[in-house]
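The values are calculated or read from the model by the stated rules, or taken from the named source; none is laboratory data. This is a predicted model, so every value here is computed, not measured. Ideal geometry is used to build each Cβ from the backbone, glycine not excepted, and the neighbour counts take in all protein chains shown. With ligands, DNA and RNA removed, areas are computed over all heavy atoms of the protein, side chains included. Shrake-Rupley method; radii C 1.70, N 1.55, O 1.52, S 1.80 Å.
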Amino acid sequence: MPGKKLKRTSLYASGASVVNMLQAVFYNQDCIVYDLEDSVPLDGKDAARFLISNVLRRHRPEDKHIQIRVNGIYSIYFEEDLEAAVRARPDALRVPKVETAEEVRTISRKVAAIERKAGIEEGSIKLWCTLESHIGVLNAKSIAEADPRVEALILGAEDFTASMRARRTKEGPEIFYARNAMLMACRAAGVDAIDALFPDVNDVEGLKEDAKKSKTLGFDGKTAIHPRQVDIINDAFTPTQKEINYAIRVLDAIEEGKRQNKGAVSLDGSMIDKPIVIRAQTVMALAKAAGIKIGGDYYER
Amino acid sequence: MSVNSLGRELPETIGGHKLVPYAGPFALTPPDSCVSSKRKLALLRPGESKMKASIKDAILACGLRDGMTISFHHSFREGDMIIGQVLTVIRELGIKGLRFAPSAVINIRNPSIVDFVKDGVIDRIEASGIRGQLGDAVVDGLMDNPVILRPHGARPRAIESGALDIDVAFIGASSADEYGNATGLIGPNACGSLGYSFIDAKSAGKVVIITDCLVDYPCVPTSISQQDVDYVVVVEQIGDSEKIGKGAARVTKNPRDLLIADWAAQLAAYSGFFENGYSFQTGAGAISIACTNYLANLTAERGIRASFALGGLTAAIVEMFQRGLIRTIQCSQCFDAVAARSLTTDPNIVEIDNSVYANIFNKGSMVNKLTFGILGALEVDTDFNVNILTGSSGEMMGGLGGGPDVAAGAEVSIVTLPIVRGRTPSVVKRVFTLCTPGETVAAVVTEAGIALNPKHRNYGILKENLEKSRLKLVDIEYLQKVAENLLGVPKPIECTDKIVTLVEYRDGSIIDVIRQVKRL
Amino acid sequence: MLELKKPAVAGTLESSDIQISMAPNPGKGIEIELDSVVKMQFGDSILATVRRLLEEFEIAEARISLNDKGAIDAVIAARMQTVICRAAEIGYNWAKEDPHAR
């Protein structure tokens, strides 16, 4: 089951295809990304903006994290993409090819200006930044910390590999450093990390391997390029019993703290701060989505 | 006008015949009488021949006259060339006013049946579905006598009850010998099982075998016996091999259809009925074939084996059989060439009579032994009634097939369909034409969720088991709302009072009627 | 009144989409031709959406041809906005529905 808290899977819905956009809501992906960029031909950008605006206004999926991928910041489409996309009130904008913190701050300012004009709560629209080049990866930490709007970093492996003059493979040694560098930056900044897509739609075993790798490395989610990949990736992000047990202990400690009216709560000698609680709740949400049965009311906390 | 138990209005009589309103899936019992047949005793002395030089000679020998009833089977699907040839000769002979009774849906385009109706050769039609030009013409009020449509199992019932007496049965065979032993299992245009023509062979007044491949006597294997056959005609071509079906029916790549198929298979697997020895039927549609593949994997994973697969055969089912996951296939018709060829490869792949498969008024048909039935549909309503005949503009599109039979017999009947098709909602408040009664439908699977029918006899078990699964269970009303919220509310189709088609249930009662559509 | 400068097309013939062709129609007002796979069920509703968009953009003269493959209202509206902007050679004012917008 998809959930708004969860970011296990992102699936694109092309703004160039009506059927694609209407059908995309029925799959189990957590995040739906309405696309204005690569899947939309250059002479169809205007049509795609109108389509996404109208569809989101009248038929907004209730149970998904809604994102719109705009064109790159230096493209001729970017400004108008923002005008349309911000007003469609997605949960986040997905920005391709981000390379510097300054770019992020510029985008954030432009988004804020539109939020103000449109009467949208300022800061409510988040940014998911895709790193698609060596520069982006090298600047990952500053990008992640550039602005409070930044909620996640995504690894765009195809273009990144090209920028490295490497060869893209299923095993992925060519993106190994980039994955880890981006992950570390995300952990330092306290934002989510989304792993690269697995390009071979027909290779189910390969996808399972790759998704398992994503989870093991510590990623929060992965991009899917086809509905067939969604359930497999979701399954890979099922939390381990160890993670669940720890989350239970965290939530129990918080409950206990509330009962005793304690301001600060600790577990195993360390303070439980907000990020840890959020992490525990996310693990519960993941467990629930995976159909794992846990006694008590942990899923409601 | 009377109203049947599903709220559908029908006239009390039509053309002098009293109509029996539908009152429940097993409400009617058969009359206490012997079966009806037009078959007579005959004498053929040694040395006498059944061979006729032409279709014309065979028709004349049969004594076909105005007003009689003729029949054909549909096993050559869109590739059939026999129906056209026979009707053309009949027209040339000046014979008129015939009742045309094919075994299922007639799909041939050239020549079109409409022409023979317009020429007066045919004035009554009884089938399981009509489409294309003929369908449009009927819905526009072409025929004076309403067409009668019935599901697969109801045809042998109608024949044996005397409602559908066949004077001459024309049976196409891909191989036959000079004495009338005939089969669809071998030959250059092999179509597989001829199960739908068995009743015709046994009950018709005269039986003519038409083949393009005469084999040495006696033909082996044989599906139709020489003892039932009057004449044999050899023609150039009985069918277009390309259209009869080359290779396996293609597996869909549409992710929406795959999702529905996957969920339907999972529903079966978690239903509580998925045990060693289960039985199933899937159809010929894209979703059904995909569902077979998912079901096969779940069967293998569970370490069990199905006891039998029933009805229409596809390459997907053959593959599941070859993996050792089904003990026997009981095949009434073949949907592709792989299926057709498989019947001669293994003694556990068996050709069966359509009557054994689905007839309600015999001593027990195989649908009664089904665990799972996967059915397609054009529309389903919030009472779980199914429409498998008419499209969103009232046009004839589908065919009753074996859906009503399977639904009545199976423990778990599962209707699979996308929530919308273009701007046509698939889940509605009231189906335009009622073909399968909701009380026999256990579940509806769409990409927007799965609805269980609270009025189905197995609802309790299904609900209890499926709630433990990860499947998205919703109310049927929710599905209807999803479709409506997405598409908007369509203007209802307007009809005149003229009834153009009677839709019969398995037992001969009238479950619905189709009226002429008012064109803009 | 918004004047159309050239003929333009928007949308595709894919299922669930609508292809709209629009051209200047000097002196002849609005002329609409509708071909739809669901004409009986949704014909009136489709024309209502088309007319609503024409009013919104204040278009008084146009020749419009609609080839509909079952598009829902949101899609029809989107395609109309697209083809109008293309035919009139204007940009779209995304801010026009902002609160306090003039």
**Prompt:** For the protein assembly as shown, what does -39500 (n - 2.57) per DSSP helix run (n ≥ 4), summed and divided by total residues, give at 222 nm, in deg cm²/dmol to the nearest 500?
**Reply:** -10000 deg cm²/dmol
**Request:** Among the GluC sites (Glu not before Pro) in segment B:398-479, which ones are in a DSSP loop with at most 16 other Cβ atoms within 10 Å of the Cβ? Mind listing them?
**Result:** B:E467
**Request:** Putting +1 on Lys and Arg Cβ atoms and -1 on Asp and Glu Cβ atoms, find which of B:N348, B:I493, B:G399 reaches farthest to the positive end of the dipole of segment B:255-494.
**Result:** B:N348
**Amide H partners (placed H, <5 Å) of B:S128, local residues excluded** = B:A104, B:V105, B:R150
**Complete:** Using the Cα gyration tensor of chain C, the equivalent ellipsoid's semi-axes, largest first and to the nearest Å, work out to 22, 17, 12
**Request:** Using all C-alpha to C-alpha distances in segment A:42-151, build P(r) with 5 Å bins and read off the rounded percent in each one.
**Result:** 2, 12, 23, 24, 20, 12, 6, 1, 0
**Message:** As a test of the definition: with a 1.4 Å probe, what buried accessible area, both sides summed, do you compute for C against B, in Å² to the nearest 100?
**Reply:** 1200 Å²
**Asked** Using a 1.4 Å probe on the protein chains only, how many percent of the accessible area of segment B:255-494 belongs to carbon and sulfur?
**Response** 49 percent
**Message:** Show me, for segment B:46-57, the HN-Hα J-couplings you get by feeding each phi into the Karplus relation (A = 6.51, B = -1.76, C = 1.60, θ = phi - 60°), rounded to Hz, glycine and proline as x.
**Reply:** x, x, 7, 10, 9, 5, 10, 6, 8, 4, 4, 4
**Request:** Name the residue, out of A:S14, A:S133, A:S266, whose mean-square fluctuation peaks in a Gaussian network model built on chain A with Cα pairs under 10 Å.
**Result:** A:S266
**Fill in**
So the FRET efficiency between B:V35 and A:Q241, C-beta based with R0 = 51 Å and rounded to 0.05, is 0.20
**Added length on full extension, which subtracts the Cα-Cα distance from 0.36 nm per residue, B:Q227 to B:R327** = 32.8 nm
**Asked** Given a cut-off of under 8 Å on Cα pairs at least six residues apart, what relative contact order in percent is computed for chain A?
**Response** 15 percent
**Request:** Sorted from largest down, give the three principal axis spans of the alpha carbons of the protein assembly as shown, whole angstrom values.
**Result:** 102, 76, 56
**Asked** Roughly how many Å² is the accessible area per residue of segment B:157-236, as a whole number, for a 1.4 Å probe?
**Response** 29 Å²
**Message:** Cβ neighbours within 10 Å, averaged per peptide: list B:296-302, B:391-397 in order, most packed at the top.
**Reply:** B:391-397, B:296-302
**Message:** Please compute the Kirkwood hydrodynamic radius over segment C:31-88, one decimal place, Å, based on all pairs of different Cα atoms.
**Reply:** 11.5 Å
**Message:** Give me the one-decimal nm value for the distance between modelled label points at C:K39 and B:E484, 7 Å along each residue's Cα-to-Cβ direction.
**Reply:** 2.8 nm
**Fill in**
Taking placed amide H atoms and a strict 5 Å upper bound, the residues 5 or more places from B:R327 or on another chain that come that close are B:A306, B:S307, B:F308
**Complete:** Checking A:Q281, A:Q29, A:Q229 against a Gaussian network model of chain A (alpha-carbon springs below 10 Å), the top fluctuating residue turns out to be A:Q281
**Asked** Among the DSSP beta bridges whose two residues both lie in chain B, what percent are antiparallel, rounded to the nearest 5?
**Response** 30 percent
**Lys/Arg +1, Asp/Glu -1 at C-beta; chain B dipole; positive extreme among B:P255, B:I186, B:L10** = B:P255
**Message:** Between B:E477 and B:N368, what is the label-point separation in nm under the 7 Å Cα-to-beta-carbon projection?
**Reply:** 3.8 nm
**Message:** Take B:R302 and B:N254, extend 7 Å from each Cα along the Cα→Cβ direction, and tell me the distance between the two endpoints in nm.
**Reply:** 2.7 nm
**Residue-wise HN-Hα coupling along segment A:102-108, computed from phi with Karplus coefficients 6.51, -1.76, 1.60 (Hz; x: Gly, Pro)** = 4, 4, 4, 5, 4, 4, 4
**Asked** At a 1.4 Å probe, which residues in segment A:20-56 are at least 20 Å² less accessible with all protein chains present than in their chain isolated?
**Response** A:L22, A:Q23, A:F26, A:Y27, A:N28, A:D46, A:A47, A:F50, A:L51, A:N54
**Request:** Any chance you could check the Cα centroid distance between segment B:208-267 and segment B:1-70 for me, in angstrom?
**Result:** 25 Å
**Item:** For chain C, built as a Gaussian network whose Cα springs stay under 10 Å, the top-fluctuating residue of C:K69, C:K28, C:K39
**Value:** C:K28
**Estimated buried accessible area (total), pair C and A, 1.4 Å, Å² to nearest 100** = 1900 Å²
**Asked** Taking a probe of 1.4 angstrom, what is the accessible area of B:C62 in Å², to the nearest 10?
**Response** 10 Å²
**Request:** Mind listing the long-range amide H neighbours of B:G172? Cut-off is under 5 Å, sequence gap 5 or more, other chains count too, H placed in the peptide plane at 1.01 Å from N.
**Result:** B:H73, B:I210
**Prompt:** segment A:35-83 to segment A:221-266: how many Å between their Cα centroids?
**Reply:** 32 Å
**Complete:** Counting only protein heavy atoms with a 1.4 Å probe and every protein chain in place, the carbon and sulfur fraction of the accessible surface of chain C in whole percent equals 48 percent
**Fill in**
Long-range share for segment B:153-256, i.e. C-alpha pairs more than 17 Å apart as a percent of all pairs, stands at 55 percent
**Request:** Report Rg/Rh for chain A, rounded to two decimals, where Rg is the Cα radius of gyration and Rh the Kirkwood radius.
**Result:** 0.97
**Message:** Quick check: residue separation of B:E319 and B:E12 times 0.36 nm, minus the Cα distance between them. What number comes out in nm?
**Reply:** 105.6 nm
**Asked** A:E122 accessible area, nearest 10 Å², 1.4 Å probe?
**Response** 100 Å²
**Message:** Under a Cβ-only charge scheme (Lys and Arg +1, Asp and Glu -1), can you give me the dipole magnitude of segment B:255-494 about the Cα centre, in debye to the nearest 20?
**Reply:** 280 debye
**Request:** Please report how far the C-alpha centroid of segment B:318-363 lies from that of segment B:403-429, rounded to the nearest whole angstrom.
**Result:** 24 Å
**Asked** Straight-line reach from B:K455: which lysines have a Cα under 22 Å away, not including same-chain ones fewer than 8 places off?
**Response** B:K369, B:K429, B:K463, B:K468, B:K472, B:K481
**Message:** Give me the Å³ per residue figure for the convex hull around the C-alpha atoms of segment B:255-494.
**Reply:** 121 Å³
**Complete:** Scattering profile of chain B from the Debye formula, Cα beads only, expressed as log10 I(q)/I(0) at q = 0.12 Å⁻¹, is -1.11
**Request:** Calculate one ³J(HN,Hα) per residue across segment A:80-86 by plugging θ = phi - 60° into the Karplus curve 6.51 cos²θ - 1.76 cosθ + 1.60, and present them in order as whole Hz with x for glycine and proline.
**Result:** 5, 4, 5, 3, 6, 5, 4
**Fill in**
Counting only protein heavy atoms and rolling a 1.4 Å probe, one gets per residue an accessible area for segment B:255-494 in Å² of 33 Å²
